[in-house]
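Before any comments, here is the structure.
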2 protein chains.
Amino acid sequence: MSLLVVGTVAFDAIETPFGKTDKIVGGAASYIALAASYFTQNMHLVSVIGDDFPQDFLNTLSSQGVNLDGLQIKKGEKSFFWSGKYHNDLNTRDTLDTQLNVLADFKPVVPAAAQECEFLMLGNLVPAVQMSVINQMSKRPKLIVLDTMNFWMDVAMDDLKKTIAMIDVLTINDSEARQLSGEYSLVKAAQKILAMGPKALVIKKGEHGALLFNKDEVFFAPALPLEEVFDPTGAGDSFAGGFIGYLASTRDISFDNMKRAIIYGSAMASFTVERFGTERLIGLKKSNVSERVREFIELVQFDIELN
Amino acid sequence: MSLLVVGTVAFDAIETPFGKTDKIVGGAASYIALAASYFTQNMHLVSVIGDDFPQDFLNTLSSQGVNLDGLQIKKGEKSFFWSGKYHNDLNTRDTLDTQLNVLADFKPVVPAAAQECEFLMLGNLVPAVQMSVINQMSKRPKLIVLDTMNFWMDVAMDDLKKTIAMIDVLTINDSEARQLSGEYSLVKAAQKILAMGPKALVIKKGEHGALLFNKDEVFFAPALPLEEVFDPTGAGDSFAGGFIGYLASTRDISFDNMKRAIIYGSAMASFTVERFGTERLIGLKKSNVSERVREFIELVQFDIELN
């Protein structure tokens, strides 16, 4: 049930219709690790930061059970920084600034203890970098989940396809699924993408929920309708963290268990969007998570008897 | 279990990325009545057409059990005509042409037998016209469902609010719920709209499913992911027809039964979008409907045991 999380640990500056932040902690791996930590405490993180990063947040990760031996801290360099502004509908955003800094020449090094992990979550990164992590594992993990984005489809499609061929579960959003497959229908898109290698595909639709496909089955989970959606940043990564964290904790990678993992992932995402950045993912209780999952059950439960 | 359906019976000319039609049969009440006819055969239709309308379609309605005594046929006049073109994403469309024709001075007259109906479905029309139907009922129906659109919020908001105050269930889409309430959050929007009078609110989200709210509960049903979505025209009306048809056939207006009605409504909508116009709604078998509902159950079913 050991889990290796690879991805960015970074600074974000975010503007939503409800307010704006200065530089706060963000990055895919921050959200993934925090969300997963509510399910498994046997977790390694591989990432890179500058020496400008707050020790407080690293302490938080450690206290949530995340092993930081694979976190490179580059002396005299700055952490990755992203700044963005959400439109009024919160579904679209503009990137205002991207400073790669330490990420420009990031070469992940997986510590020996982490090379044995049974579960591997590859957050959004250059596809070649994601592949280099897979190649460092001492044995093929039981499950490899990969998240990516449209940018890599534009500039590194060949590398991306090679990497996708090596994994088990791909998580992308609906427009990315359409771009990757060239199909408008998500049902057709899913079949084309599954033919590229993965055994399962998760299509994230933000406030409209998520779809899980394998070759023969499909499952849909809604997003929880919330009174306040404050900041969507990190929702997809929190989803991925809850998803793989639950799978790692149960060690069951059947389609039925992936359905449950989707619900737990959706629950973690529903917390994240209630505050700026990672704030809401810190200090949750297990009972908060169960309560949120109960709301999902009530939201979709119906009872029809067919003859 | 008697049902009165009021709304347009009309011609549409539709262009989608997959093809275009000349004038074909459309109109809210056509879709509603056809969809509802798979659940109840005790149905009256109140609408208006010109003498240019195909008798074939009227015969189809009759054979599906729809009483046409309330259908006004205006000699020498033309039926309502709408023409539209869908964008590539099928979620948005431009109206190319609207010819009100007989609809311009439509005054619905509810026949005596239909005034007693226990269930009343008011398809999208001028709010004052919808209200005039309610006022013609000899006794207050057990359930009144009303569909409307953003256009009436722009030009007849006062009349619309007066009409909404008289009904039980309002069906609108997500952007209309936001416009009507002035709230972005659909949870907050729902509470404001329910305070206007209706006991329940259905928010239709097209390919993203539908939400059902009452004051204390919320239910979500996805749309079925389909290989081919051909023409979204009439999906919302088919949904409404399945919804009220199921409620009328069971005579149970509890929240739990409304959940089932939402699933049956979604099933009917999933047929409609597979072909142009009303084509797919004609000649279905009950077993086709059950099979589609079974797909919904499989799509959302998961099993989590919480302690």
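Each value in this text was obtained by applying a stated rule to the coordinates, not by laboratory testing. It should be emphasised that the depicted structure is a prediction, and the values quoted were computed from it without experimental measurement. Here Cβ is always computed from backbone atoms with ideal geometry, including for glycine, and neighbour counts include all displayed protein chains.
Relative contact order for the range A:110-203 using alpha-carbon pairs under 8 Å, separation at least 6, rounded to a whole percent? Mind dumping the intermediate values first?
Values: 139 pairs, mean separation 23.2, N = 94.
The value is 25 percent.
Placing unit charges on C-beta atoms (Lys and Arg positive, Asp and Glu negative, everything else neutral), compute the dipole magnitude of the range A:3-300 about its Cα centre in debye, rounded to 20. Kindly include the intermediate steps, with their values, before the conclusion.
Working: 29 positive and 36 negative charges, 155 e Å.
Roughly 740 debye for the range A:3-300.
Placing a label point 7 Å from Cα toward Cβ, how far apart in nm is A:Tyr184 from its equivalents in the other copies, listed shortest first to one decimal?
Listed shortest first, these distances are 2.9 nm.
Under unit Cβ charges (Lys, Arg +1; Asp, Glu -1), what dipole magnitude, rounded to 20 debye, does the range B:166-259 have relative to its Cα centre? The partial results should precede the final answer.
Working: 9 positive and 13 negative charges, 90 e Å.
The calculation lands at about 440 debye.
Within the set of other residues whose C-beta is less than 13 Å from the C-beta of B:Phe276, count the net charge using Lys and Arg as +1 and Asp and Glu as -1. Intermediate results must be reported in sequence, preceding the final value.
Numbers: positive: B:Lys20, B:Lys23, B:Arg275, B:Arg280; negative: B:Asp12, B:Glu15, B:Asp22, B:Glu228, B:Asp231, B:Glu274, B:Glu279.
Charge balance in the 13 Å sphere: -3.
Kindly flag which residue pairs out of A:Lys23/A:Lys107; B:Lys162/B:Lys215; A:Lys85/A:Lys259; A:Lys20/B:Lys192 have an alpha-carbon separation exceeding 22 Å in this structure.
Distance filter (> 22 Å) returns A:Lys23/A:Lys107; A:Lys85/A:Lys259; A:Lys20/B:Lys192.
Give the relative contact order (percent, whole number) for chain B; include only Cα pairs under 8 Å separated by 6+ residues.
Over chain B, the number comes to 18 percent.
Going by the rotation axis that takes chain A to chain B, pick out the residue of A with the closest C-beta and quote the gap in whole Å.
Reported as residue, whole Å: A:His208, 2.
Could you point to the residue in B:Gly283, B:Leu211, B:Ala112 farthest towards the positive end of chain B's charge dipole, with +1 and -1 charges on the Cβ of Lys/Arg and Asp/Glu respectively?
After comparing all options, I get B:Ala112.
So what is the 222 nm mean residue ellipticity for chain A from helices alone, if each DSSP H run of at least 4 adds -39500 (n - 2.57) and you divide by all residues, rounding to the nearest 500 deg cm²/dmol? Kindly include the intermediate steps, with their values, before the conclusion.
Numbers: 10 runs with 108 residues, N = 307.
Estimated from H runs of four or more residues: -10500 deg cm²/dmol.
When each copy gets a label point 7 Å from Cα toward the beta-carbon at A:Val155, what are the spacings between them in nm, shortest first?
5.0
What is the sum of charges around B:Phe57, taking Lys and Arg as +1, Asp and Glu as -1, for the other residues whose C-beta is under 14 Å from the C-beta of B:Phe57? Each step should come with its number before you reach the end.
Details: positive: B:Lys23; negative: B:Asp12, B:Asp51, B:Asp52, B:Asp56, B:Glu279.
Taking every other residue near B:Phe57 into account, the sum is -4.
So how many Å³ per residue does the convex hull of the Cα atoms of the range B:51-163 work out to? Don't skip to the end; give the middle numbers.
Numbers: hull volume 17.0 nm³, N = 113.
Looking at the range B:51-163, the number lands at 151 Å³ per residue.
Cα convex hull of the range A:3-300: how many Å³ per residue? Before the final figure, lay out each step's value.
Numbers: hull volume 36.0 nm³, N = 298.
Here the figure is 121 Å³ per residue.
If the label for A:Ile73 sits 7 angstrom from Cα along the Cα-to-Cβ line, what are its distances to the same label in every other copy, in nm to one decimal, shortest first?
Nearest to farthest, the other copies are at 8.6 nm.
Over the range B:210-307, calculate the relative contact order: mean separation of alpha carbon pairs under 8 Å at least 6 apart, over the residue count, as a percent.
Working: 112 pairs, mean separation 29.7, N = 98.
The value is 30 percent.
D for the protein assembly as shown, whole µm²/s, Stokes-Einstein with Kirkwood Rh over alpha-carbon pairs at 4 °C and 1.567 mPa s: what number?
Values: Rh = 25.8 Å.
The estimated diffusion coefficient comes to 50 µm²/s.
Among A:Met131, B:Ser63, A:Gly7, which residue has its Cα positioned farthest towards the positive end of the charge dipole of the protein assembly as shown, with +1 placed on the Cβ of Lys and Arg, -1 on the Cβ of Asp and Glu, and the dipole taken about the Cα centre?
Of the options given, the answer is B:Ser63.
Mind putting a number on the dipole of the protein assembly as shown about its Cα centre? Charges go on the C-beta only, +1 for Lys and Arg and -1 for Asp and Glu, and I need it in Debye to the nearest 20.
Values: 58 positive and 76 negative charges, 118 e Å.
Computed about the Cα centre, the dipole is about 560 debye.
If you take the square roots of the eigenvalues of the alpha-carbon gyration tensor of the range A:166-307 and sort them as a ≥ b ≥ c, do you get rounded (a/c under 1.5), prolate (a/b over b/c) or oblate? Could you put the intermediate results ahead of the total?
Working: a/c = 1.58, a/b = 1.35, b/c = 1.17.
The shape class here is prolate.
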